[in-house]
Amino acid sequence: MTCEMNSTRLPADISLNEGPIDPPTPMNPFASTDRRGFTKTTLLAGAALASGSLSLPGAETPAKRIRTGLIGCGSVSNQYLPQLTQSPFVEVVSLCDIKPERARRQAERFHVAHHYPDIQAMLAGEPFDFLVDTTDMQEHEKINRRALEAGKHVWSEKPIANTLAAGQELLRVANRNKLRLWGAPITVQSPQFAFMARQLAAGKLGRVAAAHANYGHEGPDWSAFFYEKGGGSLPDLAVYNITSLSGLLGPVKNVMAMLSIVTPERTVGDKGRIQVTEEDNAMVLLDHGNGVLSHVQSGFNYFNPNGHEGRNETRHTISIVGSSGFMGMVGYDWEPLGVDLATKDSPRLERHVTNPEGYVWQQGANLAAECLATGKELLVTPEHALHVLEIITAARESSAAGKRIALTSTFRWPVV
């Protein structure tokens, strides 16, 4: 199948290594035959390194370490910093937060030498090469631009920007400055995603017809930004399922959606009682072309007796059906527990891929740093992240206008 890219394709001197890459050697166990092989090898090696059960080859040739700064020392940093500070490819040299006390506390906790109160001071301070952005989602676009213009590679929590046009401009800045830009989530990196993609490619489900995905909880109670302009359940929750379904079924051609606010007022830790202005309930229809339709459901009003702990979620949160088979991802796509598969030839549901093989959702920035250090490539691409961003903005336009919205962006597919 032909691989597709949009007009923001990276220039040849920083290409995405679409073809074969170096074979493994005793001195470079991270080399592989393709991006999927590299991902599996590096996830396994990363898990072993973190547990202390594996040493890097050749003590005399330590891994190149990328000087890294993290901005945004709130709740998500508690997920990222343990991963970053254990990675052999990362040296965390500075932290930043608009609440200086948070940056100071995280710097002390994770033994980071420098911390700053704003992005300007951070960029003018201790030199670094790679920015990890875990700030409020409304701030990503501005901070990512500042970092790219200052010559830093960027890993951004979702979304990369607030609109497709702004995101594409960020990628143009990155390309012009020969820098790398990546964005969460990394659901396409999981072994469960890989298994599902292989079954689809092999035609195990027959003629694929439809898919459904859902992700929701009762809503965060620690910050108002989830419910204010630029927030909402689409960029916070649906972004995972949209990434997974478009990665499995291909770029989306058209979007239709209905959005609503179920709980118009919330009480949150940082502002008290607030008015909710962005959707906390979303139903989004995706047209992938060739007759394939999918549906994503997300919201901040979804009670779950198991809470939000990933390992407790054993339902099929993503399901795909075709003329001769059914496939369901067990658990959330950000922490999948396996894949159930049934076909006409083998109609009883059988569970596959229960081993995470080192995959955790928090390690996207680690993997990006490893790419910077080794020259290898991730399955995650900025073009895919921007396509997902366009789907989110199109869903809002569709709901407001009551009509189908055609998309203009695309990305390299299949994701292999």
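Considering only strands (runs of 3 or more DSSP E) fully contained in region 242-295, which possess at least 2 residues that are at pLDDT below 95 and in contact with a His (Cβ under 6 Å, 6 or more places away or on another chain)?
Numbers: elements: 254-260, 265-268, 272-275, 281-289.
Filter on region 242-295 gives an empty set.
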Out of (1) more than 16 Å from Glu390 (Cα to Cα); (2) out of contact with any Phe, Trp or Tyr (no Cβ under 9 Å at 6 or more places or on another chain), what's the single condition that is false for Arg266?
(2)
Which residues, counting only those in region 346-378, are free of Cβ contacts under 8 Å to residues at least 12 places away in the same chain and of a type in the set (D, E, K, R)?
Arg348, Glu350
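Identify all residues within region 296-312 that are within 18 Å of Phe226 (Cα to Cα) and part of a loop (DSSP other than H, G, I, E, B); write none if there are none. Break it down into steps so the answer makes sense when it comes.
Kept after step one, since they are within 18 Å of Phe226 (Cα to Cα), are these residues of region 296-312: 297-303, 308.
Those that are within 18 Å of Phe226 (Cα to Cα) and part of a loop (DSSP other than H, G, I, E, B): Phe300, Asn301, Tyr302, Phe303, His308.
Of a type in the set (Val, Ile, Thr) and under 17 Å from the mean Cα position of the chain (by Cα), is that true of Val239?
Details: of a type in the set (Val, Ile, Thr): yes; under 17 Å from the mean Cα position of the chain (by Cα): yes.
It is true that Val239 is of a type in the set (Val, Ile, Thr) and under 17 Å from the mean Cα position of the chain (by Cα).
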For region 233-240, check the following and say yes or no: at least one residue is in a helix (DSSP H, G or I), at pLDDT 95 or above and of a type in the set (Asp, Glu).
yes
Applying the selection to region 104-144, what residues are within 19 Å of the chain's Cα centre (by Cα), in a helix (DSSP H, G or I) and either surrounded by 17 or more Cβ atoms within 10 Å (Cβ to Cβ) or at pLDDT below 95 (or both)?
Met137, Glu139, His140, Glu141, Ile143, Asn144
Please enumerate the residues belonging to region 375-405 that are under 26 Å from Asn281 (Cβ atoms) and of a type in the set (Gly, Ala, Ser).
Ala385, Ala394, Ala395, Ser398, Ser399, Ala400, Ala401, Gly402
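Identify the residue in region 313-328 that is assigned to a strand (DSSP E or B) and not small (Gly, Ala, Ser) and, among all such residues, is surrounded by the most Cβ atoms within 10 Å (Cβ to Cβ).
Ile318
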Of all residues being of a type outside the set (Asp, Glu) and touching a Lys or Arg at 6+ places or on another chain (Cβ under 9 Å) in region 342-358, which is farthest from Met329 (Cα to Cα)? Just the residue, please.
Gly358
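So, in region 180-225, how many residues would count as being free of Cβ contacts under 8 Å to residues at least 60 places away in the same chain and outside any helix (DSSP H, G or I)?
Initial filter on region 180-225 (free of Cβ contacts under 8 Å to residues at least 60 places away in the same chain): 198, 202-203, 221, 224.
If we keep only those that are outside any helix (DSSP H, G or I) too, we end up with 202-203, 221.
Of the residues in that region, 3 qualify.
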Every residue from region 161-179 that is buried (at least 19 other Cβ atoms within 10 Å of the Cβ) and assigned to a loop (DSSP other than H, G, I, E, B):
Ala161, Asn162, Leu179
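Would you point out which residue out of Gly232, Gly299, Gly272, Gly310 is outside the structural domain of Lys99 (by TED's automatic domain parsing), farther than 21 Å from Val339 by Cβ and surrounded by fewer than 22 Cβ atoms within 10 Å (Cβ to Cβ)? Walk me through it before giving the result.
Values: Gly232 fails: surrounded by fewer than 22 Cβ atoms within 10 Å (Cβ to Cβ); Gly299 fails: surrounded by fewer than 22 Cβ atoms within 10 Å (Cβ to Cβ); Gly310 fails: farther than 21 Å from Val339 by Cβ.
Testing whether each residue is outside the structural domain of Lys99 (by TED's automatic domain parsing), farther than 21 Å from Val339 by Cβ and surrounded by fewer than 22 Cβ atoms within 10 Å (Cβ to Cβ) leaves just Gly272.
The values are calculated or read from the model by the stated rules, or taken from the named source; none is laboratory data. All values derive from a computational prediction rather than experimental measurement. Every residue, glycine among them, receives a Cβ derived from its backbone with ideal geometry; neighbour counts consider all protein chains shown.
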